[in-house]
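Asks: Below are the structure tokens for one structure; questions will follow.
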Amino acid sequence: MRFSPSRSDNDFGPAVAVSNPGGRAPIVLVCEHASRTIPPALDGLGLGPVAAQSHVAWDIGALDLARGLSERLDAPLVAGRLSRLVYDCNRPPEAHDAIPARSEVFEIPGNQDLPQAERARRTALVYEPFHDALATLLAARTRPTVLVTVHSFTPVYNGTPRDVELGLLHGDDDRLARSMLVHTGQTGWLCALNAPYGPQDGVLHTLDRHAAPQGMLNVMIELRNDLIRDQQGVGAAVVRLSALLGTALADLGVTEQGSA
């Protein structure tokens, strides 16, 4: 049976939050899957409490990690304020999983058989404001910028354990990811390129839209979420990742003021 949420654009609220827009670092941070909030108008998308709080609704720990990096690096942060089950801001409107009907083991009743008008409404209320805010921030920058998106992933997916702890994802431009990989021994984590996801999974949309056309150094960070489930873990990860980014960017000639 198709789930029919109530309709109200007003209570969606802002789709995006921009923090520290004047940050002096040559880095702009993005956290697309920062929140598990579902607007009241969507009646929880028909989810049970387990699904609504699970990794399918958001990237657990990613916002705390991104905020910590923003503070430590003095970098701007653009973060989503709604669950990726409402709309996944790291997917273009034409992607089938931009508004997923199923995610891992969970059916999403409120996204089943969604009319095109409802898909267009969510695109207008969530996707477009998010990417407009990021584009506006990047356009206002007066120095060369590195785009870094911050994500987390579940240790077990569809019953399969994942050994990798830090994934460094890239598309055609692998400069920053490979520079970081050289120094990942300092993190103590098991690290890999394009794991547990890669370009074939359609996960690089934000980088493809905003960084690649400008020739901007970029990387998508995926950290296993059991490493950042508490403040102690987040704090340790912030220290390790900020040092890793700094070392890798220095190797590429990027200083606090921008490109050398």
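The values are calculated or read from the model by the stated rules, or taken from the named source; none is laboratory data. In this text the structure is predicted, and so the values were computed from the model without any measurement. Positions of Cβ are backbone-derived with ideal geometry, glycine not excepted, and every protein chain shown enters the neighbour counts.
Asks: When you look at residue 132, is it in contact with a strand residue (DSSP E or B) (Cβ under 9 Å, 6 or more places away or on another chain) and acidic (Asp, Glu), yes or no? Give the derivation first.
Replies: Working: in contact with a strand residue (DSSP E or B) (Cβ under 9 Å, 6 or more places away or on another chain): yes; acidic (Asp, Glu): yes.
Judged against the criteria, residue 132 is a match.
Asks: Test residue 154 against the criterion of being within 29 Å of residue 14 (Cβ to Cβ) and not charged (D, E, K, R), and give yes or no.
Replies: Numbers: within 29 Å of residue 14 (Cβ to Cβ): yes; not charged (D, E, K, R): yes.
Judged against the criteria, residue 154 is a match.
Asks: Additional query: Being without any contact (Cβ under 8 Å) to a residue 12 or more places away in the chain and within 21 Å of the chain's Cα centre (by Cα) is the filter; apply it to the stretch 97-126 and report the residue that is farthest from residue 200 (Cα to Cα).
Replies: Restricting to residues being without any contact (Cβ under 8 Å) to a residue 12 or more places away in the chain and within 21 Å of the chain's Cα centre (by Cα), the top hit is 124.
Asks: Further question on the same structure: Please tell me if residue 19 is at negative phi, at pLDDT below 95 and of a type outside the set (Lys, Arg).
Replies: Against the criterion (at negative phi, at pLDDT below 95 and of a type outside the set (Lys, Arg)), residue 19 does not qualify.
Asks: While we're here: Give all pairs with beta carbons closer than 9 Å in which a residue from the stretch 171-189 that is under 17 Å from residue 224 (Cβ atoms) and touching a residue at least 60 places away in the same chain (Cβ under 8 Å) meets a residue that is of a type outside the set (Phe, Trp, Tyr) and part of a loop (DSSP other than H, G, I, E, B); count only pairs at least 6 apart in sequence or on separate chains.
Replies: 184/190
Asks: Looking at residue 157, is it hydroxyl-bearing (Ser, Thr, Tyr), touching a Cys at 6+ places or on another chain (Cβ under 7 Å) and closer than 26 Å to residue 171 by Cα? Write out each step before concluding.
Replies: Numbers: hydroxyl-bearing (Ser, Thr, Tyr): yes; touching a Cys at 6+ places or on another chain (Cβ under 7 Å): no; closer than 26 Å to residue 171 by Cα: yes.
Answer is no for this residue.
Asks: Same structure, new question: Can you pull out every residue in the stretch 88-128 that is farther than 23 Å from residue 21 by Cβ and of a type in the set (Ser, Thr, Tyr)?
Replies: The first filter runs over the stretch 88-128 and keeps only residues farther than 23 Å from residue 21 by Cβ, leaving 88, 91-124.
Within the stretch 88-128, 103, 123 qualify.
Asks: Among the numbered criteria (1) outside any helix (DSSP H, G or I); (2) under 21 Å from residue 155 (Cα atoms); (3) in contact with a Cys (Cβ under 9 Å, 6 or more places away or on another chain), which single criterion is violated by residue 63?
Replies: Only one criterion in (1) outside any helix (DSSP H, G or I); (2) under 21 Å from residue 155 (Cα atoms); (3) in contact with a Cys (Cβ under 9 Å, 6 or more places away or on another chain) is unmet by residue 63, namely (1).
Asks: Go through 11, 64, 59 for me and flag whichever is out of contact with any Gly (no Cβ under 8 Å at 6 or more places or on another chain), among the charged types (D, E, K, R) and crowded, with 24+ Cβ neighbours inside 10 Å. Explain how you work it out, then say what you get.
Replies: Details: 11 fails: crowded, with 24+ Cβ neighbours inside 10 Å; 64 fails: crowded, with 24+ Cβ neighbours inside 10 Å.
Criteria check complete, one pass: 59.
Asks: Just to verify a result, which residue in the stretch 168-207, among those that are within 20 Å of the chain's Cα centre (by Cα) and of a type in the set (Gly, Ala, Ser), is farthest from residue 244 (Cα to Cα)?
Replies: 202
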